[in-house]
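Student: This is the structure, below, for whatever I ask next.
Just so it is clear, none of the values below were taken in a lab; they were calculated from the coordinates. Predicted model only: the values in this text are computed from it and were never measured. Note: ideal-geometry Cβ built from the backbone for every residue, glycine included; neighbour counts use all protein chains shown.
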Amino acid sequence: MPRKKVENKDHLKSVLEGFFQTLHWVVTATAGVMVFLVFEMQAYTIPTGSMADTLRGAHFRLRCSQCGYRYDHNFIPERYNMPANRTPNFDVPVLPTDPRCPSCGYYLSTFDIMPDGQVYSPPELRKPVTKGDRIFVAKCIYQFADPKRWDVVVFKNPLQPQINFIKRMIGCPGETVELIDGDVFIDGQITRKPARVQKELWMCVYDNDYRPVSPQLARFNGHSWRQPFENVTGGNWNLAGDGSSVFSLDSPGGALHTLMYNTAIGNDFKATYAYDNPAMYPIMPICSDLMLRFSVQEAAAGSLVGAGLTKYGIAYRAKVDFDGQMVIEKIGQDGLPVELASKETDVSALKFPIQFSFANVDHVLVLQAGAERLSYDLGTGYDGTGQPRTGMMPQATIFGTGVLRLAHIGLFRDIHYISRDAGGFRALQAGEGEAFKLGPDEFFVLGDNSPSSKDGRLWEAPGLGNNSIKYRQGTVPRDYLVGKAFVVYWPGAQKPFEKFKVIPYVGGLKLISGSQTWGPLFGQ
């Protein structure tokens, strides 16, 4: 055989061997991936907003046209005569009512109602719809370990086992669950959220970095806009003299100067969600777990800065004395401060700007100044913060003495699990005064978007199982747990990589989550 033919034959053989080796590698890798996806990990897309803003279904990605604050708003295809879980590839008006900015309170207009009742929306006011977050779920994990409280879990909907839901794990077997004024009580004691979870669940009430360009318009909660922080009588804070978003004080001498947030001007402390229909806002309960934060840009020696929050009419204050002390105190019935906790601080170690925050959440007062932290436990029992007064709006204040410059002022509220006081609504399970006892292998779940989540509170019938088995109403049986959310691998956002995240106590997924609303009360 000629030498050239032999070389060609050897070359062809080599190419074929390389091809089949590559094919073998591809098939093996594909098989491994398939096994991994089937038995260990699976990708899902969140279809609805029951876990917003932690995980979002199809939604509008909005920016306030006045202050520039970015926020998300729910898209419900049925309002557009589209089938469930459909995401249009064209711009549409935001229905059924104008969304409200969660910071400045401006109602964004995207449509008009014509005299004949038809909706008219010019093309320039319509908005694109963004698909839901895409996440990975760790399957079968609960065959080897029990779920942890605050996990985000995927499970078969007990009322429709062919559909998967995604919620947050709240109650575990043998526990007694009760929702009181938005908080979760387990076996008669408040249960506190881990720091990573709490960070995800703070919701904006006001951010002073975002200021309207046309404050004279009468669309800010029904009136024109003005600064919601106001000087209390005798206060000498300058709210616009050193940059429009900076609060400054130049008042040596020891007198205390106070700013108070006016809920009649800015957004109030009701448990509202920018993600939801603003028509629900007036009937939402008041949330009294708040956080006030700002950045101390400058503080002269001898100055003092602090923040105050009230809950059920009881006033708490936290302050930093720049001569070296941090203090948390309560204002007594006689109007005088009672020290609850204090610590000496090395002021020289606090480098400006100093991040300051004061929170009253889950019956704990927390003061943070730079890396320094001071806390006070108000007690875990029902009366840890006094008798609940759910109709009382809390107050938030900033106070100080000396020479100060504050920037990045923000006010936030905690998640509020609604169990009553929402247009006459009362939870069927775990409502206030109706503690819900879980049996063996029974779990209780809630959605982060409490006003728009059909979860364990609202399931109105026993769960369905094989062979005519019935599961107790309001519970998720152990054998219906699918897995735990692991990571948002492709966020539903205009700039996806801005919001790539590992889900704190991750747990659920795309699965058709129960973002149904509360029937005729909120409409669907």
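Student: To the nearest 20 Debye, how big is the dipole of segment 104-190 about its Cα centre, given +1 on the beta carbon of each Lys and Arg and -1 on that of each Asp and Glu?
Tutor: 580
Student: Let me ask something else about it. If each residue of separation counts as 0.36 nm, what is the full-extension length gain between Thr176 and Arg63 once their alpha-carbon separation is subtracted?
Tutor: Computed gain between Thr176 and Arg63 is 36.5 nm.
Student: Out of residues 5 or more away from Tyr489 or on other chains, whose amide H comes under 5 Å of its own, with H placed 1.01 Å from N in the peptide plane?
Tutor: Residues meeting the criterion, in which the H sits 1.01 Å from N, are Arg134, Ile135, Phe136.
Student: Just checking the chain: which Cys have no other cysteine's beta-carbon under 4.7 Å?
Tutor: Cys140, Cys172, Cys204, Cys287, each lacking another Cys Cβ under 4.7 Å.
Student: Counting alpha carbon pairs within less than 8 Å and at least 6 residues apart, what relative contact order, in whole percent, applies to segment 79-182?
Tutor: 18
Student: Now for a different question. Let me check the size of segment 204-281 from its C-alpha atoms; what are the radius of gyration and Dmax in Å?
Tutor: 14.9, 49
Student: Give the long-range amide H neighbours of Glu442: residues separated by 5 or more places, or on another chain, with amide H under 5 Å away, using H modelled in the peptide plane at 1.01 Å from N.
Tutor: Distant-sequence amide H within range of Glu442: Gly174.
Student: Once the Cα gyration tensor of segment 84-163 is diagonalised, what are the square roots of 5 times its eigenvalues, in whole Å and ordered largest first, as equivalent ellipsoid semi-axes?
Tutor: 39, 16, 13
Student: In square nanometres, what is one fourth of the surface area of the convex hull spanned by the alpha carbons of the chain?
Tutor: If I average the Cα hull's projected area over directions, I get 35.8 nm².
Student: With runs of 4+ DSSP H residues as the only contributors, calculate the mean residue ellipticity of the chain at 222 nm using -39,500 (n - 2.57) per run, divided by the residue total and rounded to the nearest 500.
Tutor: Helix-only estimate at 222 nm: -3000 deg cm²/dmol.
Student: Based on the mean of other Cβ atoms within 10 Å per residue, sort peptides 454-461, 108-115, 173-180 so the most packed one is first.
Tutor: Ranking the peptides 454-461, 108-115, 173-180 by packing returns 454-461, 173-180, 108-115.
Student: While we're here: Suppose R0 equals 35 Å; then what is the FRET efficiency for Met82 and Ala461 from their Cβ-Cβ distance, rounded to the nearest 0.05?
Tutor: With R0 = 35 Å, the Cβ-Cβ based efficiency is 0.80.
Student: Pulled fully out, how much extra length does the chain show between Ala341 and Lys437, if you take 0.36 nm times their separation in residues and subtract their Cα-Cα distance?
Tutor: Gain on stretching Ala341 to Lys437: 30.9 nm.
Student: Report the FRET efficiency, 1/(1 + (r/R0)^6), for Arg196 and Thr22, where r is their Cβ-Cβ distance and R0 is 41 Å, rounded to 0.05.
Tutor: 0.45
Student: To continue, here is another question. Based on the Cβ-Cβ distance from Phe352 to Lys330, what FRET efficiency comes out when R0 is 25 Å, to the nearest 0.05?
Tutor: The formula returns an efficiency of 0.30 here.
Student: Run down the aspartates and glutamates and flag those whose C-alpha is under 15 Å from the C-alpha of Lys437, throwing out any fewer than 8 positions away in its chain.
Tutor: Within reach: Glu175, Glu178, Asp187.
Student: May I pose another question? Taking the simple approach of a point 7 Å from Cα along Cα-to-Cβ for both Arg478 and Asn262, what is their distance in nm?
Tutor: Result: 5.8 nm between the two label points.
Student: Once label points are set 7 Å from the Cα along Cα→Cβ at both Asp383 and Tyr489, what is their separation, rounded to one decimal in nm?
Tutor: Placing both labels 7 Å along Cα→Cβ, they lie 5.3 nm apart.
Student: Under 5 Å between amide hydrogens, which residues at least 5 positions from Gln473 or on another chain qualify, with H placed 1.01 Å from N in the peptide plane?
Tutor: Amide H neighbours of Gln473: Gly463.
Student: Can you report the principal axis dimensions of segment 222-379 using only the alpha carbons, biggest first, rounded to whole angstrom?
Tutor: 50, 42, 33
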